[in-house]
Amino acid sequence: MNINIAKTKNYYNAISESDLCDCSYCRIFRQQIKSSYPNISTYLDSLGIDIEKPFETSPLEPDENGKILYCACQYVVFGNCEREYAHKIGEVSFRAATSYPDTGIKDTHFVLEFFPVELEFR
Ligand SMILES: [Zn+2]
């Protein structure tokens, strides 16, 4: 991986609260992800990524125990990532995403994703 950390940081700093999706799945994600997965937050932070500002998440319906499974959490990163890149923190896997909506970004970037994470529906 060859990441432009400063540029990635600037990108996340420029995203304001009002730019973010207001659906309950996204709000729950923003409220809980950092405290529920502090090690992931620290790793993303070292790459210049703000864990509370995902590009896209793929939540499933809450299960009978009130848990929501997010089967992919995707983040824009400036720089390059080799296809073989793989990282693991606990049970959570990281890779370069191959399927995601158009980012609309022209500068060299990729989309990093991790999965699965489980949060509380409340
Ligand atoms: Zn949303």
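The values are calculated or read from the model by the stated rules, or taken from the named source; none is laboratory data. Predicted model, so just to flag it, every value in this text is computed and none were measured. Positions of Cβ are backbone-derived with ideal geometry, glycine not excepted, and every protein chain shown enters the neighbour counts. Ligands, DNA and RNA are stripped out before the accessible areas are found, and what is left, the full protein with its side chains, is counted by its heavy atoms. Shrake-Rupley method; radii C 1.70, N 1.55, O 1.52, S 1.80 Å.
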Check your understanding: For the subset of region 49-69 comprising residues that are in contact with a helix residue (DSSP H, G or I) (Cβ under 8 Å, 6 or more places away or on another chain) and within 11 Å of the ligand (Cβ to nearest atom), which member is farthest from P101 (Cα to Cα)?
Key -> P59
Check your understanding: Is there any pair with a first residue in region 109-122 that is at pLDDT below 95 and a second that is open to solvent by 10 Å² or more (accessible area, probe 1.4 Å) and of a type outside the set (G, A, S) whose Cβ atoms are under 6 Å apart and which are 6 or more apart or on different chains, and what are they?
Key -> F121/P62
Review point. At pLDDT 95 or above, assigned to a strand (DSSP E or B) and more than 16 Å from the ligand (Cβ to nearest atom), is that true of G79?
Key: yes
Point to revise | Residues located in region 1-33, provided they are open to solvent by 70 Å² or more (accessible area, probe 1.4 Å), touching a Cys at 6+ places or on another chain (Cβ under 9 Å) and of a type outside the set (S, T, N, Q) | key: M1, R27
Point to revise | For G66: the one exception among (1) surrounded by 14 or more Cβ atoms within 10 Å (Cβ to Cβ); (2) at positive phi; (3) not β-branched (V, I, T) | key: (1)
Review point. Looking at S16, S46, S35, which one is among the small types (G, A, S), more than 13 Å from the ligand (Cβ to nearest atom) and closer than 18 Å to G104 by Cβ?
Key: S16
Revision key, fill the gap. Taking region 87-105 and keeping residues open to solvent by 80 Å² or more (accessible area, probe 1.4 Å) and assigned to a loop (DSSP other than H, G, I, E, B) leaves E91, T98, S99, Y100, D102
